Every structure is written in structure tokens, then in C-alpha cells.
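Novice: My structure is below; once you've seen it, I'll send some questions.
No value in this document is a laboratory result; all are computed from the given coordinates. As the structure is a prediction and not an experimental result, all values here were calculated from the model. Neighbour counts run over all protein chains shown; Cβ positions are idealised from the backbone, glycine included.
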Amino acid sequence: MRSTTPLSWARRLVEATATLKRPIGVFDSGLGGLTVLRELRRLLPNEDFIYLGDTARLPYGAKSRRIVQRYSMEVAEFLIQHNAKQIVIACNTATAHAEAVLREAFDVPVIGVIEPGVRALLQQTRNGRIGVIGTRSTIKSAAYTAAIKRQAPDLQVFARACPLFVPLVEEGWIDKRITRLVIQEYLSELHREEVDTIVLGCTHYPLLKTTIQQEFPDFTLIDSSFEVARAVQAAVDPSPTGDKPGASQAVVYLTDITDQMNHLETLLTGMNIDRLEETRL
Ligand code: DGL
């Protein structure tokens, strides 16, 4: 019988781990980031994903920079403990406040939603008058304005917090009369300012995209989820192929699951999630 030398054992271990898939970790304060996960799965069908929605502590958009940074660190640590090879911050508020902190703290690539969204925006605008809408905390951070000015200093940026959009989406009130009134109230001013392109700077807002577009047909609305997925694709260390097609997995963890999650079903429809679990951080 041949003895197993430490060297051959180590070599076998290296070979075995080379074929192991490490998931891409994605997080949001809640469920809105599932719009990003959907695009990621479409674009990267060979990758495994682990998603964490911090539903127990939502909303991040009304919290201070310090708290958003702390929560984001805790969530990212959870993803790293689950062997994530890359972290996607599918939350505008967390990107605005914590992207740099996470990049500093972890040695895996960290991708936020702001830079990819800005790239898409710059391609779309015709008159250089840009609208940015998001949570109070995102708008207060001025992270979008700074990112736009870095790439195109001459553009005019009009930023507007739309804090009622998140609860309307959470309630599943996507195209009610009251939702249309709130859209009018928030966005009329941007229309008067002749803004032509608006970035939906909150992961909940893509669910209101059709209704916003119906109220303001001449706005070009940027949903950054596709651009984020492309940025992840460009940065990812691809998983080994050779698995059966469709063998990749997506697991969704939420820090609280309640029967009030009216939009969860809409978000998960057709996405093929392998497991949905409640977890503690
Ligand atoms: N996910 C957050 C964002 O994209 C919105 C919800 C919240 O306030 O936590 O900014």
C-alpha cells in the first residue's frame, strides 16, 4: 500500500478546493437588492450567490453614517464567513456610507451600486441635467453628486430625497392613486428644472419604475442593477465550469421574516432561489 505523504495530501487538497465554488455575496438593507441579484444570476449563470437582506434593521435610509457603516460591516462579515469571493453592496445607502470602509476591511473585491449607476447615467443624458433620487441618508451623503462630478464636472445635478417611496413599495402600493400623487409631489420640481435623466438611487425604486414613467414619460430612468451586474462580471474571479448547467445555487438569508413582506413574492418570482432562510448576524 502506498503511504500518503503530506505533500501528496496537500496537492490533493489544493486540487479539490480548486473545483469548489465560492459564492458571490450580495447584500441590501432589505429585499430591494433582489433586483440586483436577479440581474447577476442572469448574467453569471455559472456562479453561486449568497444574499443577505437585513430586514430586521431596515430602513438604513433613515440612519446615520456611523450606524450604516456598522451594520454594513456586520453583514459583510457574515458574507465573508460564508466564504464569499466578492461582495456586492446592492444598497445605495450602504454604498454611499460604507463602500470605502468595506474595501479597506476585506481583501475580496467590493462593488457598490453608485459608480455603475453613474456610468449608465452619463451615457443616457442628452442635455446634461441629471436627477438623483434616493433615501434621505443617500442624498445627504452627496455620494452620487460627488461621483457624477468626478466623471463629468459640467453636469448639473438635482438631488431629491424621496423617503415615502420605500414604505409605499413595502406596502405593495405600486400604482395606487396615492403613489402617483407622491411621485408627482417629489418629481415635479425635477421636471420643471428640465432634468432629462434620473438615476433610481435606491434599490426599492425600480419597482416603481413603470409608475414613475407613466407619470413622467419624458424622463429617462436609470435602474443600475444591470450595470452593477456587468461591473461584477468584469471583476469576478470566475468559478470553475464543468458543473451541470443550471447547477449554480442562490441562497437568500433575511434577518427577519414576517408575513408583512408583500413584495417578497414579486421579487422572487421566476428567480429560482434554492433556499430562503432567517438568520442572525
Ligand atoms: N436599500 C436601501 C437603498 O438602496 C433602501 C431601503 C432602506 O432605507 O434601507 O438605499
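Novice: For a quick check of your reading of the filter: which trypsin sites (Lys or Arg not before Pro) in segment 72-140 sit in a DSSP loop and have no more than 12 other Cβ atoms within 10 Å?
Specialist: Hits after loop and neighbour filter: ARG126.
Novice: Equivalent ellipsoid semi-axes for segment 92-223, as square roots of 5 times the alpha carbon gyration tensor eigenvalues: give them largest first, rounded to whole Å.
Specialist: Semi-axes from the Cα gyration tensor: 25, 19, 11 Å.
Novice: Sorted from fewest to most neighbouring beta carbons within 10 Å, what does the list HIS263, HIS204, HIS191 look like?
Specialist: Ascending number of Cβ neighbours within 10 Å: HIS191, HIS263, HIS204.
Novice: Which lysines, on any chain, are close to LYS209 with Cα under 28 Å apart, when same-chain ones fewer than 8 places away are left out?
Specialist: Cα-Cα hits under 28 Å: LYS63, LYS140, LYS149, LYS176.
Novice: Along its principal axes, what span do the Cα atoms of the chain show, with the longest given first and each in whole Å?
Specialist: 83, 44, 37
Novice: In which sequence would MET271, MET261 go, from the one with the fewest C-beta neighbours within 10 Å to the one with the most?
Specialist: So the ranking, lowest neighbour count to highest, is MET271, MET261.
Novice: Right, another one. Tell me the Kirkwood hydrodynamic radius of segment 187-241 in angstroms, computed as one over the mean inverse distance between distinct C-alpha pairs.
Specialist: 13.1
Novice: If I fit a long axis through the Cα atoms of helix 114-124 and take the longest principal axis of the Cα atoms of the chain, what angle between them do I get, 0 to 90°, rounded to 10?
Specialist: Taking the Cα atoms of the chain, the angle to 114-124 is about 50 degrees.
Novice: If you don't mind, there's one more thing I want to ask. Just the number, please: Stokes-Einstein D of segment 119-195 in µm²/s, Kirkwood Rh from C-alpha pairs, 37 °C, 0.692 mPa s.
Specialist: Rounded, D is 242 µm²/s.
Novice: Also, I was wondering about something else. Would you calculate a helix-derived [θ] at 222 nm for the chain, using -39,500 (n - 2.57) for each DSSP H run of n ≥ 4 and dividing by the full residue count, to the nearest 500?
Specialist: Computed ellipticity for the chain at 222 nm equals -13000 deg cm²/dmol.
Novice: Which lysines have a Cα less than 27 Å from the Cα of LYS21, not counting those fewer than 8 places away in the same chain?
Specialist: LYS85, LYS244
Novice: Name the trypsin sites (Lys or Arg not before Pro) in segment 179-281 that are in a loop by DSSP and that have at most 14 other C-beta atoms within 10 Å, would you? Present the calculation step by step, with values, prior to reporting the outcome.
Specialist: Values: sites: ARG180, ARG192, LYS209, ARG230, ARG275, ARG280; in loops: ARG280.
Here the sparse-neighbourhood loop sites are ARG280.
Novice: Output the Kirkwood hydrodynamic radius of segment 65-118, Cα pairs only, in Å rounded to one decimal. Display every interim value, and only then the final one.
Specialist: Details: mean 1/r = 0.0912 Å⁻¹.
This gives a value of 11.0 Å.
Novice: Please say if segment 153-198 is rounded, prolate or oblate, where rounded means a/c under 1.5 for a ≥ b ≥ c the square roots of the C-alpha gyration tensor eigenvalues, and otherwise the choice is prolate for a/b larger than b/c and oblate otherwise?
Specialist: Note, shape of segment 153-198 comes out prolate.
Novice: State whether segment 149-280 is rounded, prolate or oblate according to the following rule on the C-alpha gyration tensor (a ≥ b ≥ c being the square roots of its eigenvalues): a/c under 1.5 gives rounded; otherwise a/b larger than b/c gives prolate, and the remaining case gives oblate.
Specialist: oblate
Novice: Any chance you could give the angle, 0 to 90 degrees and rounded to 10, that helix 225-235 forms with the longest Cα principal axis of the chain?
Specialist: Tilt of helix 225-235: around 40 degrees.
Novice: Expressed as an acute angle from 0 to 90° and rounded to the nearest 10, what is the orientation of the C-alpha long axis of helix 92-105 relative to the principal long axis of the chain?
Specialist: The angle comes out near 40 degrees.
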